[in-house]
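Below is one structure; the comments refer to it alone.
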Amino acid sequence: MSALPRNSRMTKAYIVPSIDEYLRERLMPVEGAIPHISGIEMYGSSIPAGTVGGDLFEYINFQQRYDIDARIERAVRLSKEFLELLPNGTHLRNSVDDHVQWLKVTPGYRPEMETEYRDARSSEQIRVAEDLHELYTTAGVLLVDAQGHGIISAKIASTVHDTFHALMLRELDRYGKTTPELFENLNLRLAQSVTARNALGISEKENAREIATMLYGEIRPGGHFRFVNFGHPPPLVFSAEYRKFMKMDEGHMVQFFALGLQIPADHPDHNKYYSIKLRQRELDSSDIAEITLMSPGDILVLYTDGVYDGSDEQVREQLEAVLREHYRQTARDICNALLDYAVEQDKHLRLNGDEALIDDKTVFIIKRS
């Protein structure tokens with residue numbers, strides 16, 4: 001038997017992707033990650049203006065991304081361990097033992113202080129376990145829009161993505177859920193430092209700050225959507241019953257400046273960052289906006305300004321007409337219909353010589369079934 005040709009025995013060479021190919025792959029949604037929430041259908045997609053763009057959207061599938069069972073087991077174990085006194089002569093087991101050791105050498109220490117502290121920390125872990133359980137019926141969605149389009153915008157969007165997920169790990173460990181603290185830390189991380197170079201930075205030539213907006217929300221059964229908004233166009237809600245966009249109470253939908261532009265005055269490091277205008281206080285639960293899809297067929301539309309900037313009434317009416325035609329269809333079909341409409345508008349921009357106005361496009365649909 002003759003030997004196989006040498007080339008047929010060789011492993012196919014790995015082709016290193018270009019930077020724009022790499023970033024495009026990172027920023028595109030993964031369909032296999034679409035969460036399954038009872039009574040909810042969702043689908044989103046992005047179309048960059050060039051080979052790569054500054055739009056990013058991602059499903060946060062908690063059940064797929066994190067081992068919720070293992071996290072709950074750890075929280076329950078710690079809730080018991082925190083109550084146990086440390087035997088003499090043994091090594092510290094956890095942060096509670098460490099703090100108790102410090103307490104014992106402070107003036108005014110009383111033995112009951114250890115019991116009270118251990119009880120409090122144990123109770124925290126019981127709550128963490130309960131909040132982690134809520135993630136079985138929760139799905140998140142992250143939308144980021146870095147100003148402009150191209151490799152630099154894609155890199156900024158990628159930075160927001162990576163920072164978000166690093167902070168999310170800490171949130172789940174400490175609280176078992178997302179809290180306003182995550183978004184305050186993300187905002188500060190992307191602010192322009194007075195003394196250090198930073199991800200969003202300031203262009204030395206143009207003295208112009210690079211901008212990224214972000215909307216993060218979580219959907220639960222019953223069509224309940226809670227979200228935080230940093231400079232992003234507000235969501236739209238289409239009523240299947242009335243076949244039109246519903247008027248929203250914008251007074252109850254807090255919108256902050258784009259990421260990194262506004263630092264809270266009560267943050268200890270506020271004077272270490274540039275801020276367009278100091279915010280009076282740090283975020284709290286009152287800053288989380290809420291929308292509920294009331295009836296079957298109702299649709300929540302999230303988007304970037306390459307589709308709609310949130311203010312043009314004529315474009316809003318055109319989007320409403322598209323939804324009126326497709327609202328009975330699947331979330332995927334509705335998403336694609338809106339993107340098709342947006343791409344069609346680009347033809348008019350090209351005909352008018354306004355190619356520079358063409359931007360990345362993202363649409364995310366949440367439909368109550």
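Set side by side, the residues A166, A157 differ, and just one is of a type in the set (G, A, S), at pLDDT below 95 and either assigned to a helix (DSSP H, G or I) or on the phi < 0 side of the Ramachandran plot (or both), which is A157. Taking each residue of segment 325-336 that is aliphatic (A, V, I, L, M) and looking for partners that are surrounded by 14 or more Cβ atoms within 10 Å (Cβ to Cβ) and part of a loop (DSSP other than H, G, I, E, B) with beta-carbon atoms closer than 7 Å, six or more apart or interchain, yields I334/Y327. Within segment 279-314, the residues that satisfy the criterion of being part of a loop (DSSP other than H, G, I, E, B), charged (D, E, K, R) and open to solvent by less than 60 Å² (accessible area, probe 1.4 Å) are D284, D298. The sole residue among A33, A49 that is surrounded by fewer than 22 Cβ atoms within 10 Å (Cβ to Cβ), modelled with pLDDT under 95 and within 15 Å of the chain's Cα centre (by Cα) is A33. Of the residues making up segment 138-161, those that are out of contact with any helix residue (DSSP H, G or I) (no Cβ under 9 Å at 6 or more places or on another chain) and open to solvent by 60 Å² or more (accessible area, probe 1.4 Å) are H149, I152. So which residues in segment 66-84 are open to solvent by 80 Å² or more (accessible area, probe 1.4 Å), assigned to a helix (DSSP H, G or I) and closer than 16 Å to D119 by Cβ? The one that is open to solvent by 80 Å² or more (accessible area, probe 1.4 Å), assigned to a helix (DSSP H, G or I) and closer than 16 Å to D119 by Cβ: K80.
The condition of being touching a His at 6+ places or on another chain (Cβ under 9 Å), within 27 Å of I60 (Cα to Cα) and open to solvent by less than 60 Å² (accessible area, probe 1.4 Å) does not hold for L236. If you go through segment 38-56 and pick out every residue that is of a type in the set (A, V, I, L, M, F, W, C) and closer than 20 Å to R368 by Cβ, you end up with 2.
Residues of segment 321-366 that are under 25 Å from M214 (Cα atoms), basic (K, R) and either part of a loop (DSSP other than H, G, I, E, B) or open to solvent by less than 20 Å² (accessible area, probe 1.4 Å) (or both): K361 alone.
In segment 181-198, of all residues being open to solvent by 30 Å² or more (accessible area, probe 1.4 Å) and part of a helix (DSSP H, G or I), the one that is nearest to Q63 (Cα to Cα) corresponds to E181.
The set of residues in segment 109-150 that are within 21 Å of the chain's Cα centre (by Cα) and assigned to a helix (DSSP H, G or I) comprises V128, D131, L132, H133, E134, L135, Y136, T137.
The values are calculated or read from the model by the stated rules, or taken from the named source; none is laboratory data. Since the model is a prediction, treat every value here as computed from it, not as a measurement. Methodologically, a virtual Cβ is constructed for each residue, glycine included, from the backbone with ideal geometry; neighbour enumeration extends over all protein chains shown. Remember, those area values only see protein heavy atoms, side chains included, never the ligands or the DNA or RNA. Shrake-Rupley method; radii C 1.70, N 1.55, O 1.52, S 1.80 Å.
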